[in-house]
1. Residue check, Gly213 against (1) assigned by TED's automatic domain parsing to the domain that holds Arg108; (2) modelled with pLDDT under 95; (3) more than 15 Å from the chain's Cα centre (by Cα), all met but one. Which one?
2. Filter region 78-95 down to residues that are crowded, with 24+ Cβ neighbours inside 10 Å and over 16 Å from the mean Cα position of the chain (by Cα), then give me how many there are.
3. Could you tell me how many of the residues in region 7-23 are crowded, with 21+ Cβ neighbours inside 10 Å and under 22 Å from Ala102 (Cα atoms)?
4. Quick one: which strands (runs of 3 or more DSSP E) sit completely within region 27-86 and have at least 2 residues that are farther than 21 Å from Arg169 by Cα?
5. If I filter region 151-181 down to residues being loosely packed, with under 14 Cβ neighbours inside 10 Å and touching a strand residue (DSSP E or B) at 6+ places or on another chain (Cβ under 7 Å), which single residue comes out as nearest to Gly78 (Cα to Cα)?
6. Can you find a residue in region 232-247 that is in contact with a Lys or Arg (Cβ under 6 Å, 6 or more places away or on another chain), surrounded by fewer than 16 Cβ atoms within 10 Å (Cβ to Cβ) and not assigned by TED's automatic domain parsing to the domain that holds Gln31?
Amino acid sequence: MHSTAARVAVIIASIGRPDDLALAVKRHFEQTLLPSRMILSCVAASDVPADLDPRVEVIMGPKGSAVQRNTGLRYLAGDADIVTFFDDDYLPSRHCLERIAAFFNAHRDVVGANGLLLADGINSPGISVGEAEALLDAHDREVAPSLDVLRDLEGLYGCNMAYRASATRDVWFDERLRLYGWQEDIDFATQVGQRGRTVLTHAFAGVHRGVKGARTSGVRLGFAQVVNPLYLKRKGTMSAGFAHKLMLRNVVANHVKVLRPEPWVDRWGRVKGNWIGFADALRGRLEPEKIERI
């Protein structure tokens with residue numbers, strides 16, 4: 001398979017961000033290799049940008065990161081060589097899809113990959129469109145990066161995941177991880193990773209703007225920060241070491257920063273949610289879907 005001939009499908013699950021989604025779609029149709037299919041998995045008509053390119057396929061379904069991605073996968077029905085999952089606030093380099101195709105062509109043992117994040121605004125107020133585009137333009141002026149694998153990963157970061165489509169057959173995002181999902185990317189990648197390597201490469205790049213809004217409440221996210229890793233550890237798709245380190249890092253950060261919280265983070269809510277999660281864990285109740293009832 002020549003890299004230029006690869007069919008690279010893009011699935012974006014989105015809710016409540018039509019302007020950001022419109023920008024992401026625009027960037028994908030400025031690619032040096034156009035997406036073979038561009039699928040937007042939304043919940044309501046208000047999620048969908050106006051005046052979409054007619055090549056974009058919009059599908060509707062239940063709310064939640066995991067279920068929306070599954071809705072997209074079912075609709076794609078394997079009609080691609082590579083399937084990518086990008087967040088609605090992820091902006092790709094102009095060469096992103098072309099480089100993804102070339103990378104998978106060069107590494108037949110790889111089934112999933114994360115690329116280079118030129119910037120990630122998830123732990124900040126977010127990255128402006130102008131700043132993101134400046135970073136992308138500068139990157140695209142540089143010599144094309146190598147197609148090397150930098151290292152193997154336990155799970156992939158959900159904002160920019162690319163998979164060999166054949167390796168995703170009969171693998172689904174865990175719909176018990178409701179709403180925001182939180183670690184549904186690790187769970188999915190671990191399952192696909194049983195069929196090959198999941199890795200980090202700088203062959204393709206983008207910016208994750210980390211847009212705030214249309215997100216889960218602090219209490220709900222705090223609950224997920226405790227319950228979801230423990231649930232996935234029990235399920236077997238997250239190692240004990242990874243789960244405990246992830247949980248501890250977030251819980252400690254919430255408690256340390258609660259007296260001087262960042263303006264864009266509900267630390268008090270997260271602390272409350274952490275303790276709801278601990279109480280459930282001590283009772284042996286690891287029910288991630290409880291997030292909808294909090």
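1. Unmet condition: (1).
2. 1
3. 5
4. Where strands (runs of 3 or more DSSP E) fall fully within region 27-86 and carry at least 2 residues being farther than 21 Å from Arg169 by Cα, they are 56-60.
5. Among those residues, the one meeting the criterion is Asp152.
6. Taking every residue of region 232-247 in turn, at least one turns out to be in contact with a Lys or Arg (Cβ under 6 Å, 6 or more places away or on another chain), surrounded by fewer than 16 Cβ atoms within 10 Å (Cβ to Cβ) and not assigned by TED's automatic domain parsing to the domain that holds Gln31.
The values are calculated or read from the model by the stated rules, or taken from the named source; none is laboratory data. It should be emphasised that the depicted structure is a prediction, and the values quoted were computed from it without experimental measurement. FYI the Cβ positions are ideal-geometry reconstructions off the backbone, even for glycines, and counts take in every protein chain you see.
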